[in-house]
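Working notes, structure below.
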Amino acid sequence: MNLQILLLLLSFSIFSGNQSLAQCYSITNTSDVTNPSFTHTFTLAPAIGSSALTNMHTIRLRTSDTNAWKLTGLRSAISRTSGSGPVGENILDTDVGWSATITPVGPPTGTATLTAPFNGATTLNSISTGGGTVIVTGNNRSFTSCTNAMGLARYWTLDVTLSTPQDLIFNSGSYTGMITYTLSN
Amino acid sequence: MSLLYKAIRHFAVVLIVIVYSLTFGVEEVYSNSAVMPISIQVNGKLIITDENTEVDSNERSRVVENINIDRSKSNFDLSNSYTLRVRSNESRWKLIGHLQEVSVKQTKKINPKFIRLTYKTSAGSAGNINSAMLAAPFTEPVRLSNIPRKSDFVVLEGSSKTSLQRDKGNKNNWYGLSFNVDFVGKNGLALESTNPIYRKKKYNAIVSYTLVSL
């Protein structure tokens, strides 16, 4: 009988876990595909009076966490992968604009808010390259589930727009960078 | 038999707990990240405009200047100047000119050796005056008769991009080239446009400029 109790406790511990692990934190694209990847692509064609190029992607945030939660961003710095020229004339993270809007859909139970400076126009260097930078905070869940029909219908939409000026000072070549967004408690 | 029964019973209970846990207690989905790679391509660009029309984003690879001197007109004005602007994010470029004379009756034609062309360079507030240099012989005023008619000639040799600082709309990051035409005598001294040597005579030519990267 002792063996039975031990197995029961072990099973419950493994499969039920503690309560915090039971929360879901879900980021999807607009088709509700999880862990999405979007490429912000820019091809500059400088001209006189040329306006900045913009590129927008949308993600959906869902969580069952009834406590405070956050969306953090982690940046890999923009780096030139081809071409030549002075470093100061490369496209830098300070040259790439970042702006976003967050919209409740469903509606979700809680409230989500963009934190400063992400509640206005800023640049990529506002996102840290080491350790996450809090971009959005929330105070309650979207729904009890992230995946069932009711849960899928309740979320926050985050529209992220990047922009870059078409400045002739930029060295010709290719540049790459990366932003990783993570939803957690 | 008893041991086997007990083992089966233990296994059944554990199985029930597992199924229950999977159904009601386990995390639904962990899908809490999104990645957004950034890809930027900057291509080489050359822009040449004339100073007066670039407000309309009149972007071309070639501009044309007409030299029209007509001494038969009483209100002749020798303020025959022109300014073009070059913008480039290429590190090596050239501005090439081509002179084409427009036919005038020989008796009425001003001899091009009495017409002098002078180039001057400038730069916008965000432009780099050191991004190019006048090519010989245009570092000094040149008589039109010394400019080739049948072949192109290099006016500017660019050694770096024309920008010196960030200029989001590319309004002020230009390198300027202006030229002025005046009259010159055999002794190399400037002549007044009223000098009888030019009376009732004409000189017409088209100078086209093309910007190329190297």
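Scan region B:162-189 for residues that are over 23 Å from B:Leu95 (Cβ atoms) and open to solvent by 70 Å² or more (accessible area, probe 1.4 Å) and jot them down.
Passing the criteria: B:Arg166, B:Lys168, B:Lys186, B:Asn187, B:Leu189.
Limited to region B:50-109, what total is found for residues that are modelled with pLDDT under 65 and over 23 Å from the mean Cα position of the chain (by Cα)?
First, the residues of region B:50-109 that are modelled with pLDDT under 65: B:55-60, B:72-80.
Retained after the next criterion (residues that are over 23 Å from the mean Cα position of the chain (by Cα)): B:72-80.
Going through region B:50-109 one residue at a time, the tally reaches 9.
Write out, first by first residue and then by second, each pair whose Cβ atoms fall under 6 Å of each other, whose residues are 6+ apart or on separate chains, and whose first residue, in region A:63-77, is in contact (Cβ under 8 Å) with a residue 12 or more places away in the chain and under 16 Å from A:Phe118 (Cα atoms) while the second is open to solvent by 50 Å² or more (accessible area, probe 1.4 Å) and outside any strand (DSSP E or B).
A:Thr72/A:Gly132; A:Leu74/A:Gly132; A:Arg75/A:Thr129
Suppose we keep only residues that are hydrophobic (A, V, I, L, M, F, W, C) and more than 20 Å from B:Lys168 (Cα to Cα) within region A:72-93. Which one would you say is surrounded by the most Cβ atoms within 10 Å (Cβ to Cβ)?
My answer is A:Leu74.
Can you name every residue in region B:192-214 that is farther than 29 Å from B:Arg85 by Cα and open to solvent by 10 Å² or more (accessible area, probe 1.4 Å)? Full working, then the answer.
Within region B:192-214, the first condition is being farther than 29 Å from B:Arg85 by Cα, and the residues that meet it are B:192, B:194-201.
Matches in region B:192-214: B:Glu192, B:Thr194, B:Asn195, B:Pro196, B:Ile197, B:Arg199, B:Lys200, B:Lys201.
Restricting the search to region A:50-66, which residues are open to solvent by 20 Å² or more (accessible area, probe 1.4 Å) and under 14 Å from B:Ser31 (Cα atoms)?
Answer for region A:50-66, where residues must be open to solvent by 20 Å² or more (accessible area, probe 1.4 Å) and under 14 Å from B:Ser31 (Cα atoms): just A:Arg60.
Do any residues in region A:94-117 that are open to solvent by less than 50 Å² (accessible area, probe 1.4 Å) have Cβ atoms under 6 Å from those of residues that are modelled with pLDDT of 95 or more and of a type in the set (Gly, Ala, Ser), where the two are at least six apart or on different chains, and which pairs are they?
Here the result reads A:Gly97/A:Ser163; A:Ser99/A:Ala121; A:Ile102/A:Ala112; A:Pro108/A:Ser142; A:Gly110/A:Gly138; A:Ala112/A:Gly138, each pair linking region A:94-117 to a residue that is modelled with pLDDT of 95 or more and of a type in the set (Gly, Ala, Ser).
Given (1) at pLDDT 95 or above; (2) touching a Phe, Trp or Tyr at 6+ places or on another chain (Cβ under 9 Å); (3) at the interface with chain B (Cβ under 7 Å from one of its Cβ atoms), identify the lone condition not met by A:Leu61.
(3)
Considering region A:54-96 alone, what residues qualify as being under 13 Å from A:Asn125 (Cα atoms), assigned to a strand (DSSP E or B) and touching a helix residue (DSSP H, G or I) at 6+ places or on another chain (Cβ under 8 Å)?
Passing the criteria: A:Arg75, A:Ala77, A:Ile78.
The values are calculated or read from the model by the stated rules, or taken from the named source; none is laboratory data. For clarity, every value in this text was computed on a predicted model and none was experimentally measured. Heads up, the Cβs are rebuilt from the backbone with ideal geometry, glycines too, and the neighbour counts pull from every protein chain shown. SASA here: full protein model, heavy atoms, side chains in, ligands and nucleic acids out. Shrake-Rupley method; radii C 1.70, N 1.55, O 1.52, S 1.80 Å.
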